[in-house]
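Participant: Below are the structure tokens for one structure; questions will follow.
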Amino acid sequence: MSGPTADAWINPLRDSRDRRLPHIAGPCGLVIFGVTGDLARKKLMPAVYDLANRGLLPPGFALVGFARRDWADEDFGKIVHDAVREHARTPFREHVWEQLSRGIRFVQGSFDDAAAFTELKNTLATLDRERGTRGNHAFYLSIPPAQFPTVCQQLSQSGLAKSVDGQWRRVVIEKPFGHDLDSARELNAVVNKVFPEDTVFRIDHYLGKETVQNILALRFANQLFDPIWNSHYVDHVQITMAEDIGLGGRAGYYDGIGAARDVIQNHLLQLLAFTAMEEPVSFEPSELQAEKIKVLSATRLAEPLDETTARGQYAGGWQGGLEVVGLHDEEGFAKDSTTETYAAITLEVDTRRWAGVPFYLRTGKRLGRRVTEIAVVFKRAPHLPFDATMTEELGQNALVIRVQPDEGVTMRFGSKVPGSSMEVRDVNMDFSYGQAFTVSSPEAYERLILDVLLGEPSLFPVNAEVELSWTILDPALEHWARQGMPEPYEAGTWGPPSAEEMMRRTGREWRRP
Ligand code: BG6
């Protein structure tokens, strides 16, 4: 029998309680390396608190910070407290904080200091005894990849990486996973030498977003979309991640990396995979990964790259009523930095479903506004039985998945303008998360940290996906490296002229979200 049991219909309370239970983490300790960084302060520590506040962490939970600072447990506790106060999503509740703070510890040391790792081991063993974390440990490497080898080696040598007696060990790594295919392979080899692949959790925080997971619900829980989700009906797909912020303060990470490595290699190719993949047999991690791997294997850059890609760097301009500087005047960037802050590529997906349908991906800093969306743009109707002047303002139908900030889905289609003539114009039909659901969406990091603690890998790209994404992107990176300086674009606009030209050449244009 399929569908809910009779009992579930009769007793919805019991049903909802049953649904929650599997989502509470078991006893464990979370160790964060790189605890003095921005990510830890703005996202990781607040997410841990939000999970505690939602009742999703067990009483036997500990949070351990590892860094070079000369801090005592209380100093670190204060740092976590302030980060939570400033950035947590859910309200501050004294008793939740009290409970959480009892399990907070700090270990001082540098990554190459074996004694510090012995100290970490002792601290975790004490927490196992005193706080009941039961020897289950997750190591979150919120550090530059150049330091992965040292930390992994220390974790291995100190015996911390090895699981014994059914206890689990997991490692969480943040991007960039290399800067091209070769370096990604090296990095993976280093990590996998110490942590088997099924214990490695690679964070792509876009997959933790509700609106991204909703792509799967939209496509695979409904009958409405699948019949038209293919080259017979779809003209092209545009995936946009635009940001209005600049790169002040981020030179250390961003210079030499650029927009394509920072965002297209991971977030945007994952969005493409969710949009273009076939229905998985189930949502078991291996089934979902298999479909993503399959579609990424079929994806490649359209050529010639001169015409199908574009790259830019923001110059000074006006944004939100303020005058802002160009990249070369941002602190920490070399005056002749060739790092791109805008990148656009055209992809082809060589499958029966998508042959001939271009996927346009673009991302940039200091653009018109902050917006991430996937727009599936449909072909025009083969015939319009209207007077031509009546359909002048009719565009192409589109289904737009609004990832952020105004989360939801928009359907755009033509409608009759009220009046005596048969004039047709585009209108939008909107679904908005804020209106449809009363609960606010969890932050991506809440979901992903919880999944690490639960050992649920569905939303984490595996090694093969990372390598395939580099395989897709590398030719564009090499092409751009030969070109030198990216084309400038004015801050607050929608990117360089060559990006507009790239679309115009195919008779299309970028959406202005
Ligand atoms: C990160 C990138 O992965 O995503 C940043 O490194 C970018 O450059 C950020 O600003 C955007 O995340 P979000 O969730 O605000 O869209």
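The values are calculated or read from the model by the stated rules, or taken from the named source; none is laboratory data. Keep in mind the model is a prediction, meaning the values are calculated, not measured. Backbone-built Cβ (ideal geometry, glycine too); neighbour counts: all protein chains shown. Each accessible area value is taken on the protein alone, full model and side chains, heavy atoms only, with ligands, DNA and RNA left out. Shrake-Rupley method; radii C 1.70, N 1.55, O 1.52, S 1.80 Å.
Participant: Using only the Cα atoms of the chain, what semi-axes does the equivalent ellipsoid have when each is the square root of 5 times a gyration tensor eigenvalue? Give whole Å, largest first. Each step should come with its number before you reach the end.
Facilitator: Working: eigenvalues 338, 167, 97 Å².
Semi-axes (√(5λ), whole Å): 41, 29, 22.
Participant: Could you give the size of the charge dipole of the chain about its Cα centre, using +1 on the Cβ of each K and R and -1 on the Cβ of each D and E, expressed in debye and rounded to the nearest 20? If you can, show how the numbers build up before the last one.
Facilitator: Numbers: 56 positive and 71 negative charges, 200 e Å.
It works out to roughly 960 debye.
Participant: Using the alpha-carbon centroid of each, what span in Å lies between the range 372-430 and the range 165-240?
Facilitator: Here the two parts' Cα centres lie 31 Å apart.
Participant: Find the relative contact order for the chain and round it to a whole percent, using C-alpha pairs within less than 8 Å whose residues are 6+ positions apart.
Facilitator: On the way: 915 pairs, mean separation 85.9, N = 513.
Computed over the chain, the figure is 17 percent.
Participant: In addition: Keeping all protein chains in place, calculate the accessible area per residue for the chain (probe 1.4 angstrom), answer in Å².
Facilitator: On the way: 23580 Å² over 513 residues.
Spelled out: the 1.4 Å probe surface of the chain, per residue, equals 46 Å².
Participant: Which far-off residues, 5 or more places away or on another chain, put their amide H under 5 Å from the one on Tyr314, with H placed in the peptide plane?
Facilitator: The answer is Leu327, Thr341, Tyr489.
Participant: At a 1.4 Å probe radius, carbon and sulfur cover how many percent of the accessible area of the chain?
Facilitator: 51
Participant: In what order, largest first, do Tyr140, Tyr253, Tyr433 sit by accessible area if the probe radius is 1.4 Å?
Facilitator: Details: Tyr140 5, Tyr253 65, Tyr433 35 Å².
Accessible-area ranking of Tyr140, Tyr253, Tyr433, largest first: Tyr253, Tyr433, Tyr140.
Participant: By its C-alpha gyration tensor, with a ≥ b ≥ c as the square roots of the eigenvalues, how is the range 270-327 shaped: rounded for a/c under 1.5, else prolate for a/b larger than b/c, else oblate?
Facilitator: On the way: a/c = 4.94, a/b = 2.06, b/c = 2.40.
Verdict is oblate for the range 270-327.
Participant: Grab the DSSP H runs of the chain that are 4 residues or longer, score each as -39,500 (n - 2.57), total them, divide by all residues and round the 222 nm result to the nearest 500 deg cm²/dmol. Don't skip to the end; give the middle numbers.
Facilitator: On the way: 17 runs with 172 residues, N = 513.
Helices in the chain give a 222 nm mean residue ellipticity of -10000 deg cm²/dmol.
Participant: Whole Å is fine, so just give me how far the alpha carbon centre of the range 55-79 lies from that of the range 449-500.
Facilitator: Using only Cα atoms, the two centres lie 33 Å from each other.
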